[in-house]
Amino acid sequence: MHSPDVTAVFQLPDEAATQRLGEALAPILQPGLVIYLDGDLGAGKTTLARALIRALGHTGPVKSPTYSLVEVYVFSSLYLYHFDFYRFESPEEFLDAGLGEYFNDTAICLVEWPERAEGCVPPADLRLRLHHAGVGRVVEALADSPKGEACLSALIPSMGVANSSATPVPR
Ligand code: ADP
Ligand code: MG
């Protein structure tokens with residue numbers, strides 16, 4: 001895998017900080033971007049996705065795709081697909097379900113549990129790795145492509161200015 005040139009660590013001391021990260025990502029997303037949301041159960045992947053989807057203008061409920069595999073959102077010409085592969089027993093289920101066609105230049109794809117579709121799900125542009133840290137969370141962001149680097153480079157200053165409780169630590 002391409003070793004990331006741009007990485008950052010953001011402290012997320014409470015749920016509101018996770019939501020602010022989602023809100024900060026929303027305006028800088030480009031069509032075609034694939035974002036992996038890594039982390040254990042309860043790490044905050046769906047919380048982050050939900051805040052991002054709401055910040056894009058979705059007003060209805062944002063369900064976890066744990067049972068549906070994918071939830072679809074349409075924002076004028078932009079499609080956003082929110083996946084969750086937690087229940088996959090093998091990565092080939094990604095292919096069996098015909099999910100490859102969702103990953104295209106007009107869509108943003110958010111992927112929870114990408115490791116359960118490893119080798120079948122397309123690679124990420126940006127990986128957000130959420131970890132428990134005391135009662136809060138820490139997220140490590142890694143850009144894996146030029147598109148991911150552009151996104152993360154825009155995210156770092158916007159998190160720094162908009163959110164004093166999420167401290168970017170560029171390395
Ligand atoms: P996942 O999708 O990773 O399994 P969820 O987002 O469904 O996790 O749930 C995470 C839980 O952790 C929710 O109860 C949410 O309120 C909480 N949470 C999210 N972010 C934080 C945070 N930064 N600090 C503390 N709790 C958080
Ligand atoms: Mg989830």
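The values are calculated or read from the model by the stated rules, or taken from the named source; none is laboratory data. Since we're looking at a predicted model, the values are computed, not measured. In this analysis, Cβ positions are derived from the backbone assuming ideal geometry, glycine residues included, and neighbour counts consider all displayed protein chains. These accessible areas exclude ligands, DNA and RNA; they are computed on the full protein's heavy atoms, side chains included. Shrake-Rupley method; radii C 1.70, N 1.55, O 1.52, S 1.80 Å.
The table for this structure:
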read-out: Under the Karplus curve 6.51 cos²θ - 1.76 cosθ + 1.60, θ = phi - 60°, whole-Hz ³J(HN,Hα) for the range 75-86, x wherever Gly or Pro sits; value: 10, 6, 8, 9, 9, 10, 10, 10, 10, 8, 9, 3
read-out: The range 28-161, Cα convex hull volume normalised per residue, Å³; value: 116
read-out: Coil-residue chymotrypsin sites (Phe, Trp or Tyr not before Pro) of the range 9-71, DSSP, other Cβ within 10 Å capped at 11; value: 67
read-out: The chain, relative contact order in percent, only Cα pairs under 8 angstrom and at least six apart counted; value: 38
read-out: Loop trypsin sites (Lys or Arg not before Pro), the range 18-97, which have at most 13 other Cβ atoms in a 10 Å radius of their Cβ (DSSP); value: 63, 87
read-out: The chain, dipole about Cα centre (Lys/Arg Cβ +1, Asp/Glu Cβ -1), debye to the nearest 20; value: 620
read-out: Table column - 3J(HN,Hα) (Hz), the range 12-19, Karplus curve with 6.51, -1.76, 1.60, x for Gly and Pro; value: 10, x, 8, 4, 4, 5, 4, 5
read-out: Heavy-atom accessible surface of the range 7-162: percent carbon and sulfur, 1.4 Å; value: 52
read-out: 5 angstrom amide H check on residue 137, placed H, neighbours 5+ away; value: 12, 14
read-out: Gain in span if fully extended, residue 105 to residue 28, counting 0.36 nm per residue against the direct Cα distance; value: 26.2 nm
